[in-house]
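Novice: Mind having a look at this structure? Questions to follow.
The values are calculated or read from the model by the stated rules, or taken from the named source; none is laboratory data. Computed from a predicted model, the values in this text were never measured in an experiment. Reconstructed Cβ throughout: ideal geometry from the backbone, glycine too, with neighbour counts over all protein chains shown. Heads up: the accessible areas ignore ligands, DNA and RNA and are worked out on the full protein's heavy atoms, side chains in. Shrake-Rupley method; radii C 1.70, N 1.55, O 1.52, S 1.80 Å.
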Amino acid sequence: MDTSSPAALVNAEILNMFVGRRVRTVVQVQCNEGGVLVGQSSDGHQLSIKSAMDVPVSHFMEVYGIAENNQTIRAEVCTDFGPNFDPKPFDQLCKLASDKFKHMFL
């Protein structure tokens with residue numbers, strides 16, 4: 001496991017703190033518009049994912065990639081989590097990992 005460039009766990013609200021850096025998130029796929037996947041972040045906001053694999057609408061997908069701006073991630077690795085994923089615990093983890101327990105994750 002490469003620990004030289006850890007990926008920050010982010011939701012849409014936290015993404016803007018990591019523009020230009022490697023991030024990891026989970027989105028629920030809403031649609032695929034010309035190669036750009038649109039998904040709902042664990043905090044309910046919309047994110048655009050470039051270079052994402054084709055995942056069925058309503059499935060949850062983990063995305064590992066580079067934050068291009070506060071709403072777009074260029075995917076390096078995607079994993080289909082299927083339709084049964086509870087985003088609330090992941091959202092809480094994102095908040096803890098970017099604040100109180102940041103030292104444990106970055």
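Novice: Taking the conditions exactly as written (hydrophobic (A, V, I, L, M, F, W, C), assigned to a loop (DSSP other than H, G, I, E, B), out of contact with any helix residue (DSSP H, G or I) (no Cβ under 9 Å at 6 or more places or on another chain) and open to solvent by 60 Å² or more (accessible area, probe 1.4 Å)), does MET53 satisfy them or not?
Specialist: yes
Novice: Let me ask something else. Of (1) open to solvent by 30 Å² or more (accessible area, probe 1.4 Å); (2) in contact with a Pro (Cβ under 9 Å, 6 or more places away or on another chain); (3) not small (Gly, Ala, Ser), PRO6 satisfies all except one. Which?
Specialist: Status for PRO6: all satisfied but (2).
Novice: Identify, by number, the condition in (1) small (Gly, Ala, Ser); (2) surrounded by 13 or more Cβ atoms within 10 Å (Cβ to Cβ); (3) in contact with a Pro (Cβ under 7 Å, 6 or more places away or on another chain) that SER58 doesn't meet.
Specialist: Condition (2) is where SER58 drops out.
Novice: Condition first: hydrophobic (A, V, I, L, M, F, W, C), more than 11 Å from HIS59 (Cα to Cα) and within 10 Å of the chain's Cα centre (by Cα). Now tell me which residues in the range 27-41 satisfy that.
Specialist: Of everything in the range 27-41, nothing turns out to be hydrophobic (A, V, I, L, M, F, W, C), more than 11 Å from HIS59 (Cα to Cα) and within 10 Å of the chain's Cα centre (by Cα).
Novice: Restricting attention to the range 76-96, which residues are in a strand (DSSP E or B) and more than 15 Å from PHE18 (Cβ to Cβ)?
Specialist: VAL77, CYS78, THR79, ASP80, PHE81, GLY82
Novice: Of everything in the range 22-50 that's among the β-branched types (Val, Ile, Thr) and open to solvent by less than 40 Å² (accessible area, probe 1.4 Å), which residue is nearest to CYS94 (Cα to Cα)?
Specialist: THR25
Novice: What's the number of the only condition in (1) within 17 Å of SER5 (Cβ to Cβ); (2) open to solvent by 10 Å² or more (accessible area, probe 1.4 Å); (3) under 10 Å from the mean Cα position of the chain (by Cα); (4) not hydroxyl-bearing (Ser, Thr, Tyr) that VAL19 fails to meet?
Specialist: Of everything listed in (1) within 17 Å of SER5 (Cβ to Cβ); (2) open to solvent by 10 Å² or more (accessible area, probe 1.4 Å); (3) under 10 Å from the mean Cα position of the chain (by Cα); (4) not hydroxyl-bearing (Ser, Thr, Tyr), VAL19 misses just condition (3).
Novice: Given the structure, is VAL63 under 20 Å from MET104 (Cα atoms) and part of a strand (DSSP E or B)?
Specialist: No, not satisfied.
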